[in-house]
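The values are calculated or read from the model by the stated rules, or taken from the named source; none is laboratory data. Worth saying up front: this structure is predicted, and the values here are computed from it rather than measured. Don't worry about glycine lacking a Cβ; one is built from the backbone with ideal geometry, like all the others, and counts go over all protein chains shown.
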Amino acid sequence: MTDHNFSRPVAEELSCTGPLTAHVDSFARRLQELGYASSTRRVKLRMLTDFSRWMQRWKLLAADVDEQMVVKYLRRRRRRGRGDARTLGDLLELLREAAVVPRPKPDDDENPSQRLEREFGQYLTVERGLSQATLKNSLPFVRSFLEHRFRASPIVMAEVRAPDVQRFLLRKLQAVGPSRAKLMVGALRSFFRFLRWRGDITIDLASTVPKVADWRLSDLPKSLQADEVQRLISSCRRETVTGQRDYTLLLLLARLGLRAGEVVALTLDDLDWEAGELTVRGKGGREDRLPIPRDVGQAMAAYLRQGRPRDCSTRRLFVRRRAPLRGFASSVAVCTIVRRALARAGIASPRKGAHLLRHSLATEMLRKGASLAEIGEILRHRLVDTTSIYAKVDLVALRALAHPWPSGGEA
């Protein structure tokens, strides 16, 4: 296999020797798929040949490559660049995919805290059927509690008592808001139920975790006016690749009310152009098919023709603008795009995440006469109570329903 920028096989062109010679061409192909520029690919391939020669001097085989060997090589290398660790990390992943290097067993390099966290994550996924997004919200709280309670001591969950839990919460809850606090106490309750379920503890620690006073209907949902949403979307420079991508993404958020994680998870296979529908994977593994509005469909078509890299291997709909050309790592990237668009449009808003556009869609629908049931259907709420927060958004309509306060006179 040859790289299109080399007249001969890559290994021969670079005069590669050592145990990694047979993998140079496949690594060159991988770098090209990830969207790296030709000059960057050459730098990374030269590093691979240097690594291979270093392994040859130490009489090592390709099957010997692991994280520890990479660290050892980088420490001995005099000149180190910012992308050196990533380059060798991509190489190691390639060798593992080709079964040249075995993947490490989960227990090989785990400490007791990591093992317990992984087992709890498996429980949430397999037994509870929860999504990866829920795991990302829950597991850091468990890790923080274990570090707080045991520090450098051996982890023995049977020794945990209610005061340990309460001291941890009193310390942590002072630094977070109500919503974050609810996530924390929910994660800990679930963790203690898991421990009792499998017999690690015998007392009901979950019941010792207090509830957080956060009344959902005590505040109005933050939203933008219709003209502000349009300014936000129009702030994207559609003549650029990044601008066309961000324009399409913001339209999806504003017209369909998608969550940030749902946008991240979208793939090319989710688009059904003949039916004019889009498959959305929501919370708890739920899938919904939504109609594609005309302007959204036109934007997606333009992005796929002109903005999305043609030679990237990922099936994700939205792709990073720089190599490696992969889908977004998390919903943080989507929220960042929204925040930058707000700044460009000169819109001051207390909320700057992707959910702002979801709330704005619901609020505008209510103002135009949509019922709560219709709003809940568009936002794909499972419970009517979830949609009820929008009942008090249209203050003008609510005032018309209010009876005047009696001013005195006859009883």
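Taken together, the residues in segment 302-358 that are of a type in the set (Lys, Arg) and assigned to a loop (DSSP other than H, G, I, E, B) amount to 9. Being touching a Ser or Thr at 6+ places or on another chain (Cβ under 8 Å), surrounded by fewer than 21 Cβ atoms within 10 Å (Cβ to Cβ) and not in a helix (DSSP H, G or I): is that true of residue 289 here? Criteria met by residue 289.
For segment 2-16, the criterion of being more than 30 Å from the chain's Cα centre (by Cα), at pLDDT 85 or above and of a type in the set (Ser, Thr, Tyr) is met by none of the residues. Taking segment 211-270 and the helices (runs of 4 or more DSSP H) fully enclosed by it, the elements with 2 or more residues that are modelled with pLDDT of 95 or more, among the hydrophobic types (A, V, I, L, M, F, W, C) and in the same structural domain as residue 340 (by TED's automatic domain parsing) are at 226-234, 241-256.
Cβ-Cβ distances below 7 Å connect the following pairs, each with a first residue in segment 323-334 that is over 18 Å from residue 309 (Cα atoms), a second residue that is outside any helix (DSSP H, G or I), and a separation of six or more residues or different chains: 331/354; 334/328; 334/354. Checked against (1) surrounded by 15 or more Cβ atoms within 10 Å (Cβ to Cβ); (2) part of a loop (DSSP other than H, G, I, E, B); (3) outside the structural domain of residue 346 (by TED's automatic domain parsing), residue 192 passes all but a single condition, namely (2). So if I check each of 101, 165, 185, which one is assigned to a loop (DSSP other than H, G, I, E, B) and surrounded by 16 or more Cβ atoms within 10 Å (Cβ to Cβ)? Going through 101, 165, 185 in turn, just one is assigned to a loop (DSSP other than H, G, I, E, B) and surrounded by 16 or more Cβ atoms within 10 Å (Cβ to Cβ): 101.
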